[in-house]
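Each value in this text was obtained by applying a stated rule to the coordinates, not by laboratory testing. In this text the structure is predicted, and so the values were computed from the model without any measurement. Glycine also receives a Cβ, built like all others from the backbone with ideal geometry; neighbour counts cover every protein chain displayed.
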C-alpha cells in the first residue's frame, strides 16, 4: 500500500565498471530492491523520491541510467494534476457524498397505532426533524423531551439516526382499563370502612346491608346473585350507587428553614469533535456554578460509515440553591395552601363531599405539622366480577 502511495521506479543502468555503480548504491542511504546484473545492464527498484540521488551516483560512476517502468497511484495523480476540471469534480463529489450522508433523506416511524405517520412527521417537523435537515445540527435528546411534554398521546419516543435515515419509535398513551362489561355478572363491594347514608339507583342486583348500616372494606353491598323466587339463582351485573360516610386523615409538614432550588437559564454549547478532540464553537468558559448537564453526539457519515468527526451539543440547565427562613405565620400559610391543594385534587367534585374537618397544628424546633381529619361522603361501591367455580 505504501509503495503504491510513494511510487516505485524500475531503472536500467549501463556502465563500463558496473561493480563500482552497484557498490555506490549499496553504500548510499537509498533503499534499492531487486537489484541485479543481466546482459551487461544493471536493474533495480527505487522510490520515486530517490531517483535524482541515484542519477547523481550514476553520473559519478560513469553509468548511464534510464527508467524502464513506473508504478503507483502517485504517477496517475501527477498525470492528471493539471486537469483542473477533474480535481474540481473529485472535490465536489466528495462534498456531495459527505452532504448527502448527513442530511435526512427518509423518516421511518415505528410503534404508532392510533396516531398516523403523517401526524408524527408533522410533530417531528415542528422540532426541526424533517427531510433535508442537517443531522449533526439536530438536538435529538431535546426533541424527544419536548415532543413527550407537548403531545398528550405520546408516552415515550426514541429517535435515532441510521445513516441518512431518521428512525422514530413511539409508545402511545394507553387507554384506562375497561370497566367490567355490562353483561358480565358482578357484585358491588365496599371500597372502604363506612356508614351507609344513602342508597341510589339500584337497577340490578340485591341490596345486602340497609340504610345507616356500617360496612367494612370489601363487604358485599349489592349481590349479583339474585333469587328467582322458585328456589333458583341467576347472576346479573349489579348496578347501583351506595353513598357512605367515612373518615380520612392526612398530615402535612413544613420546615422553618429549607434549601430552595431556583432554576435559571438553559445554555446550549456546540463543539466540533475531531478524533475525540473537542473544539469549542463559542467564546468564553463554562463557569456556570451549579447545573444539570446533558449532551448529544452526532457523528458525520459517509456511505453509512460513522466518521470520527462530528458535532457535540451540550446543554447546561443552571440553578441556584438558596436557604430560606420562614416565620411561623408563613409556615402556617404554606400548610394551608397544601391543604387547599389536596382538597382540590382529591375532593373537588360531585362524587365526594366534605361534611366536616378538624385541623390540628403542632410544631417542633425545626418544623410545623398539621393533621386534618375529614368526614366525607361519597360513592363507596366498586364492581367485582363474580368468578364462576
Exercise. Could you check what % of the DSSP bridge pairs in the chain are antiparallel, to the nearest 5?
Key: 95 percent
Quiz prompt | For the range 299-382: Kirkwood Rh in Å [reciprocal of mean 1/r, alpha carbons] | solution = 18.4 Å
Self-check item: Antiparallel content of DSSP bridges confined to the range 106-172, in %, to 5
Solution: 60 percent
Quiz item: What shape does the range 106-172 take by its C-alpha gyration tensor, where a ≥ b ≥ c are the square roots of the eigenvalues and a/c under 1.5 counts as rounded, a/b above b/c as prolate, and the rest as oblate?
Solution: prolate
Quiz item: Taking R0 as 51 Å, what's the FRET efficiency between residue 367 and residue 95 from their Cβ-Cβ distance, rounded to 0.05?
Solution: 0.20
Quiz prompt | Where labels lie 7 Å past Cα in the beta-carbon direction, separation of residue 235 and residue 117 in nm | solution = 4.6 nm
Practice problem: Would you kindly calculate the translational diffusion coefficient of the range 263-319, applying Stokes-Einstein with the Kirkwood radius from alpha carbon pairs, for 20 °C and a viscosity of 1.002 mPa s, and quote it in µm² s⁻¹ without decimals? | Solution: 172 µm²/s
Quiz item: At 222 nm, what helix-only mean residue ellipticity would the chain give, in deg cm²/dmol to the nearest 500, using -39500 (n - 2.57) for each DSSP H run of four or more?
Solution: -7000 deg cm²/dmol
Quiz prompt | Relative contact order [Cα under 8 Å, 6+ residues apart], the chain, whole percent | solution = 14 percent
Quiz item: Would you list 212, 316 from fewest to most Cβ contacts within 10 Å?
Solution: 212, 316
Quiz item: By average Cβ neighbour count within 10 Å, what is the ranking of 278-285, 141-148 from highest down?
Solution: 141-148, 278-285
Exercise. With a point put 7 Å past each Cα toward its Cβ, work out how far residue 348 is from residue 307 in nm, to one decimal.
Key: 5.7 nm
Quiz item: Length gain on complete extension for the stretch residue 216 to residue 184, per 0.36 nm per residue less the alpha carbon to alpha carbon distance?
Solution: 9.0 nm
Self-check item: Theoretical gain in end-to-end length, residue 19 to residue 131 [0.36 nm per residue, Cα-Cα removed]
Solution: 33.2 nm
Quiz item: Among 252, 11, which comes first, second and so on when ranked by fewest other beta-carbon atoms within 10 Å?
Solution: 252, 11
Quiz item: Which shape class, rounded, prolate or oblate, goes with the range 246-389 when its Cα gyration tensor gives a ≥ b ≥ c as root eigenvalues, a/c under 1.5 marks rounded, and past that a/b bigger than b/c marks prolate?
Solution: oblate
Exercise. Compute the length gained on full extension between residue 150 and residue 258: take 0.36 nm times their separation in residues and subtract their Cα-Cα distance, giving the result in nm to one decimal.
Key: 35.7 nm
Quiz item: For the residue pair residue 10 and residue 269, what label-to-label distance in nm results when each label sits 7 Å from Cα along the Cα-to-beta-carbon direction?
Solution: 6.0 nm
Quiz item: Rounded to the nearest 0.05, what FRET efficiency is calculated for residue 292 and residue 60 with R0 set to 56 Å and r the Cβ-Cβ distance?
Solution: 0.15
Quiz item: Which of the peptides 364-373, 187-196, 226-235 is most tightly packed, and how do the rest follow, going by the mean number of other Cβ atoms within 10 Å of each residue?
Solution: 187-196, 364-373, 226-235
Exercise. Can you figure out the FRET efficiency of residue 108 with residue 204, using R₀ = 45 Å and their beta-carbon distance, to the nearest 0.05?
Key: 0.35
Practice problem: Quick one: grab Rg to one decimal and Dmax as a whole number for the chain, Cα atoms only, in Å. | Solution: 42.2, 136
